[in-house]
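Data first, discussion second: the structure below is written as structure tokens.
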Amino acid sequence: MDVIFPVLHGPYGEDGSMQGLLKIFNVPFVGPGVLGSALGMDKDVMKRLFMEAGIPIGKFITLRNGEKINFTKIKKELGLPIFIKPANMGSSVGISKVKNEKKYIKAVKEAFKFDSKIILEANIAGREIECSVLGNERPMTSIPGEIIANQEFYSYNAKYIDEGSVAEIPAKLDKKTTRKVQELAIKVFKVLNCEGMGRVDFFVKKNREVIVNEINTIPGFTKISMYPKLWEASGIPLPKLLDTLILLAIERFERELK
Ligand SMILES: Nc1ncnc2c1ncn2[C@@H]1O[C@H](COP(=O)(O)OP(=O)(O)O)[C@@H](O)[C@H]1O
Ligand SMILES: [Mg+2]
């Protein structure tokens, strides 16, 4: 095997486990290593590193198994609605958007089914903008795109089942906001020790404030996926993108051997 291209989502595939196994097997692989993958997976740790680096994020609270916070207090701190998510998951699995106490209690239970740590987030009213990153030490960014979900939020159903959501490429943003998104995408990629590839997801508010939501270190690669589509629109068609990712994997592997 020359290179492994893990096109896997979620725990074990994207969180550093598979990457650790591949390192032990001594095979080059595409995408971030153990640390970058693990940091990109854990929404709680990721956000703490963003705060330390001055990367703009929304308000959030972390809860570990056994910890509780009552609805009145959370409502005061985060406002309504609240997003409740497992810290380590993806594909919108286990995520709820809630506005009342009954739903809040249910949502906390639901999120804890998937992880022993969950995060509660203030709702950010804004457009969903995504930007692709490619490279090792000198990463570059694509033009940004916009996801226009046709549901309450970009849920599992909106992502994979109901095909009504639309990707707008390039996103209709002014030059300054586009540059801001691209600069932050690079910063996120570097702060989280990422390599190879990553898709950084943002919210852009009405007043053009740019907030980082998360990174995906193994972005989707289907025919409708944003990561390859953004590169295609930025002048790197899929065959060239795949060649580049494979070369980056070999380059990193050889550098680490030294
Ligand atoms: N704080 C928030 N404010 C507004 N919408 C949110 C917020 N957090 C998540 N969402 C919505 O939920 C979707 C999934 O959340 P995200 O944090 O991206 O989880 P995942 O890793 O599962 O993709 C987002 O694409 C967005 O539509
Ligand atoms: Mg997401």
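The values are calculated or read from the model by the stated rules, or taken from the named source; none is laboratory data. Note that this is a predicted model, so its numbers are computed, not measured. Positions of Cβ are backbone-derived with ideal geometry, glycine not excepted, and every protein chain shown enters the neighbour counts. Ligands, DNA and RNA are stripped out before the accessible areas are found, and what is left, the full protein with its side chains, is counted by its heavy atoms. Shrake-Rupley method; radii C 1.70, N 1.55, O 1.52, S 1.80 Å.
Details
- Options ALA233, ALA185: the member that is within 16 Å of ligand 1 (Cβ to nearest atom) and among the small types (Gly, Ala, Ser): ALA185
- Qualifying position, being open to solvent by 20 Å² or more (accessible area, probe 1.4 Å), in the same structural domain as GLU183 (by TED's automatic domain parsing) and over 18 Å from ILE119 (Cα atoms), among VAL34, VAL45, VAL7: VAL34
- Residues that are more than 17 Å from ALA158 (Cβ to Cβ) and in a strand (DSSP E or B) were ranked within segment 85-109; the one that is most open to solvent (accessible area, probe 1.4 Å) is ASN88.
- First in segment 203-229 and within 19 Å of ASP42 (Cα to Cα) and polar (S, T, N, Q), second anywhere and at pLDDT 95 or above and more than 15 Å from ligand 2 (Cβ to nearest atom), Cβ under 8 Å, 6 or more apart: THR217/GLY31; THR217/PRO32; THR217/GLY36; THR217/SER37; THR217/CYS194; THR217/MET197
Yes/no matrix, rows are residues, columns are (1) aromatic (Phe, Trp, Tyr); (2) touching a Ser or Thr at 6+ places or on another chain (Cβ under 7 Å); (3) without any contact (Cβ under 8 Å) to a residue 60 or more places away in the chain:
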| site | (1), (2), (3) |
| --- | --- |
| LYS76 | no, no, yes |
| SER96 | no, no, yes |
| GLU101 | no, no, yes |
| LYS117 | no, yes, no |
| ILE124 | no, no, no |
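- Checked against (1) open to solvent by 50 Å² or more (accessible area, probe 1.4 Å); (2) within 17 Å of TRP231 (Cα to Cα), ASN136 passes all but condition (1).
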